[in-house]
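Remarks on the structure that follows.
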Amino acid sequence: MKKRLALFALLAALLVVLSSCGPGGKSITVGAKTFTEQLVIAKMTAFILEDNGYNVEEIQNLGSSAMRQAIETRQVDMSWEYVGTALVTYLDQEPIADKDEAMQKVQELDKKNGIAWTNLTDANNTYALVMERDKADELGIETLSDLAAYEKENPDNLRFGMETEFRNRRDGMPGLEEYYGFDVPDSNIREMEIGLYYTALGNDEIDVTQAFVTDPQINSMDLKILEDDQKFFPSYNYAATINQETLDEYPEITELLEPLQNALTEDSLRELNYQVDIEQKSVERVAKDFLDENNLLKD
């Protein structure tokens, strides 16, 4: 009788394990931070992995520090991260503008932390300065070098808007001014909350504002991104971060994610953000539509 009960207990435990691992016996946790493009990319990743037999758990709305800790401890198996965030915030390094050099550096430094970096994309959500297109065209400003030249000749003409962090961080306004050789008077800089600078730009309260390259307002307001022609802003290209133990267990993940890696660009992310934030479509619908349009799923 005792042997029979022990056998039943063993079978029950085995069923629990099998059910938690999905039909293919492969289970993975995908993490996302708190903002739109992170949620969309994580959802697309989940769809792709599920399409290839994985049982996927999604953990969302993690802050950067929480996400990093979750990857290190394998509470989350993988997420998409910016190489620049890893260099500056997690690894206390100087920012690097070249994406391949930045990727090589994080791979080298994070190896000892048990974190693998794979699938580097062309999607670079770095800082930028933007202007209303008509204003920029009127003043002949296409690049940050043009802006610097104009500012040196007309130091009181342009009004700048930005968040406090951008105004003070080394890869923000102070470094930009030093790198391009111009100096905006303090009286011409207005600090404001994230996102409010777009409202101020639309209301003609400012002329130039900071942006993130994938912000949907760039599309909805038809703004001009001033080209960083001297390559100051660091690489914030997306890449997959995977706990090394997870990658050792499922080495095929990098190949499965390669089509998504190739489809992610600054333009595509800006459009995805636009559909969610401006058109108010659901994250799941936007993610699935993108995968279908780019033939990234089997069926």
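The table below lists the values:
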read-out	value
Filtered residue count, region 51-65, keeping only those that are assigned to a helix (DSSP H, G or I), among the polar types (S, T, N, Q) and open to solvent by less than 50 Å² (accessible area, probe 1.4 Å)	1
Residue check, ALA128 among the small types (Gly, Ala, Ser) and farther than 20 Å from PRO234 by Cβ	no
Region 177-231 - residue that is charged (D, E, K, R) and within 24 Å of ALA123 (Cα to Cα) and, of those, most open to solvent (accessible area, probe 1.4 Å)	LYS231
Residue check, VAL30 outside any strand (DSSP E or B), of a type outside the set (S, T, N, Q) and either closer than 21 Å to GLN261 by Cα or assigned by the TED database to the domain that holds PHE212 (or both)	no
Restricting region 18-48 to residues that are open to solvent by 60 Å² or more (accessible area, probe 1.4 Å) and closer than 26 Å to GLN69 by Cα, the residue that is modelled with the lowest pLDDT	SER20
Matching residues in region 167-201 - criterion: being closer than 16 Å to ILE225 by Cβ and either over 25 Å from the mean Cα position of the chain (by Cα) or without any contact (Cβ under 8 Å) to a residue 24 or more places away in the chain (or both)	TYR180, TYR198
Positions within region 115-130 being under 12 Å from the mean Cα position of the chain (by Cα), closer than 24 Å to ARG74 by Cβ and open to solvent by 10 Å² or more (accessible area, probe 1.4 Å), in sequence order	LEU120
So LEU109, is it surrounded by 21 or more Cβ atoms within 10 Å (Cβ to Cβ) and part of a helix (DSSP H, G or I)	no
Cβ-Cβ under 6 Å pairs, at least 6 apart or on other chains, region 66-82 side at positive phi, far side open to solvent by less than 20 Å² (accessible area, probe 1.4 Å)	ARG74/ASN243
Of all residues making up region 66-92, the number that are in a helix (DSSP H, G or I), touching a helix residue (DSSP H, G or I) at 6+ places or on another chain (Cβ under 7 Å) and not charged (D, E, K, R)	7
Residues within region 144-166 that are crowded, with 16+ Cβ neighbours inside 10 Å and at pLDDT 95 or above, tallied	13
Residue list for region 257-299, restricted to those being among the basic types (Lys, Arg) and either assigned to a helix (DSSP H, G or I) or within 20 Å of the chain's Cα centre (by Cα) (or both)	ARG270, LYS281, ARG285, LYS288
Boolean, ASN262 is open to solvent by 10 Å² or more (accessible area, probe 1.4 Å), assigned by the TED database to the domain that holds THR143 and not charged (D, E, K, R)	no
Filter result for THR254 (hydroxyl-bearing (Ser, Thr, Tyr) and part of a helix (DSSP H, G or I))	yes
Qualifying positions in region 224-241 - assigned to a loop (DSSP other than H, G, I, E, B), in contact with a Phe, Trp or Tyr (Cβ under 7 Å, 6 or more places away or on another chain) and not aromatic (Phe, Trp, Tyr)	GLN230
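So that you can scan it fast, the table gives a plain yes or no per residue for (1) modelled with pLDDT of 95 or more; (2) of a type in the set (Asp, Glu); (3) closer than 19 Å to LYS135 by Cα:
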| position | (1), (2), (3) |
| --- | --- |
| ASN168 | no, no, no |
| VAL208 | yes, no, yes |
| PHE232 | no, no, no |
| GLN244 | yes, no, no |
| ASP248 | yes, yes, no |
| PRO251 | yes, no, no |
| PRO259 | yes, no, no |
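The values are calculated or read from the model by the stated rules, or taken from the named source; none is laboratory data. What you see is a predicted model; the values in this text were computed from it and never measured. As a convention, Cβ positions derive from the backbone with ideal geometry for all residues, glycine included, and neighbour counts pool all protein chains shown. The accessibility values were calculated without ligands, DNA or RNA, using every heavy atom of the protein model including side chains. Shrake-Rupley method; radii C 1.70, N 1.55, O 1.52, S 1.80 Å.
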